[in-house]
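The values are calculated or read from the model by the stated rules, or taken from the named source; none is laboratory data. Because the structure is a prediction, the values reported are computed rather than measured. Cβ: placed from backbone, ideal geometry, glycine included. Neighbour counts: every protein chain shown.
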Amino acid sequence: MTRDTAFCAFLRGVNVKGTAMKMAEVCSVFERQDVENVSSVLASGNILFTSGKKADELRKVLEKAMTEHFSYEAFLFVKDKEEVEAVFSNSPFDAHPEFHIYGFVGVDGIERVLMEEFEKAGKAEGEEGRVVGNHFYWRVPKGSTLDSEFGKILGRKNLKDSFTSRNLNTFEKVLKKM
């Protein structure tokens with residue numbers, strides 16, 4: 001018998017632009033897809049669960065279920081505990097009260113695409129982007145995340161199925177519950 005793996009599905013586009021979801025309802029959709037121990041962390045689309053299936057298979061099944069249930073084009077990224085730990089612990093930035101630090105998860109190679117886009121964008125004072133391993137990290141002054149040039153690039157439709165991001169504090173909270 002294979003041992004179930006702990007995963008977190010990071011949903012993209014939850015509670016933005018009219019797509020309002022209650023996490024209890026999202027958990028219910030997951031439970032109907034033959035995964036176990038389902039719970040959410042915060043209200044931003046971080047769903048913990050266990051399964052004996054592989055992450056790629058789970059992503060396809062869960063995206064389809066979410067799309068059908070909520071009538072929107074769902075995108076999510078399934079990461080096991082080791083991958084979540086890597087995003088959190090490999091951040092190149094130290095916590096600072098004036099900055100947000102974001103880690104990104106997504107499709108293979110997205111870190112290079114994000115770095116190229118970041119390098120082309122104008123930057124606020126102290127704003128930085130770095131790639132560590134296969135993850136992109138962004139440090140941005142608090143209050144300017146959505147207004148920054150790079151923040152606007154992140155909202156482009158051509159990138160929506162490729163990644164999602166979370167504040168590093170969220171990764172820490174996810175890890176504590178995994």
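Tell me, please, whether a residue that is in a helix (DSSP H, G or I), under 29 Å from D4 (Cα atoms) and small (G, A, S) can be found in the stretch 85-98. Walk me through how you get there before you give the answer.
Step one: list which residues in the stretch 85-98 are in a helix (DSSP H, G or I), which gives 85-89.
Adding the requirement that they be under 29 Å from D4 (Cα atoms) leaves 85-89.
Next cut, small (G, A, S) only: 86, 89.
Among the residues of the stretch 85-98, at least one is in a helix (DSSP H, G or I), under 29 Å from D4 (Cα atoms) and small (G, A, S), which makes the answer yes.
Taking S44, is it under 23 Å from E172 (Cα atoms) and surrounded by 19 or more Cβ atoms within 10 Å (Cβ to Cβ)?
Judged against the criteria, S44 is not a match.
Within the stretch 20-33, can one find any residue that is surrounded by fewer than 17 Cβ atoms within 10 Å (Cβ to Cβ), in contact (Cβ under 8 Å) with a residue 12 or more places away in the chain and either in contact with a Leu (Cβ under 6 Å, 6 or more places away or on another chain) or assigned to a loop (DSSP other than H, G, I, E, B) (or both)?
yes
Applying the selection to the stretch 119-134, what residues are at pLDDT 95 or above and either under 18 Å from the mean Cα position of the chain (by Cα) or among the β-branched types (V, I, T) (or both)?
Selection gives G129, R130, V131, V132.
Just checking, how many residues over the stretch 73-84 are touching a residue at least 40 places away in the same chain (Cβ under 8 Å) and either over 18 Å from the mean Cα position of the chain (by Cα) or outside any loop (DSSP other than H, G, I, E, B) (or both)?
Selection size over the stretch 73-84: 8.
Give the residues of the stretch 45-72 that are without any contact (Cβ under 8 Å) to a residue 24 or more places away in the chain, assigned to a loop (DSSP other than H, G, I, E, B) and at negative phi, sorted by residue number.
Result: K53, K54.
State all residues of the stretch 118-161 that are assigned to a loop (DSSP other than H, G, I, E, B) and within 17 Å of A95 (Cβ to Cβ); if no residue qualifies, say none.
Across the stretch 118-161, the qualifying residues are G126, E127, K142, G143, T145.
In the list T170, T164, which residue meets the criterion of being touching a strand residue (DSSP E or B) at 6+ places or on another chain (Cβ under 7 Å), in a helix (DSSP H, G or I), closer than 16 Å to V78 by Cα and not charged (D, E, K, R)?
That would be T170, the only listed residue that is touching a strand residue (DSSP E or B) at 6+ places or on another chain (Cβ under 7 Å), in a helix (DSSP H, G or I), closer than 16 Å to V78 by Cα and not charged (D, E, K, R).
Between A86, A74, A55, which is surrounded by 15 or more Cβ atoms within 10 Å (Cβ to Cβ) and either among the acidic types (D, E) or under 17 Å from M23 (Cα atoms) (or both)? Walk me through how you get there before you give the answer.
Details: A86 fails: either among the acidic types (D, E) or under 17 Å from M23 (Cα atoms) (or both); A55 fails: either among the acidic types (D, E) or under 17 Å from M23 (Cα atoms) (or both).
On inspection, the qualifying residue turns out to be A74.
Of the conditions (1) under 23 Å from R139 (Cα atoms); (2) touching a Lys or Arg at 6+ places or on another chain (Cβ under 7 Å); (3) crowded, with 18+ Cβ neighbours inside 10 Å; (4) of a type outside the set (S, T, N, Q), K79 clears all except one; give me its number.
So K79 meets the others, but not (2).
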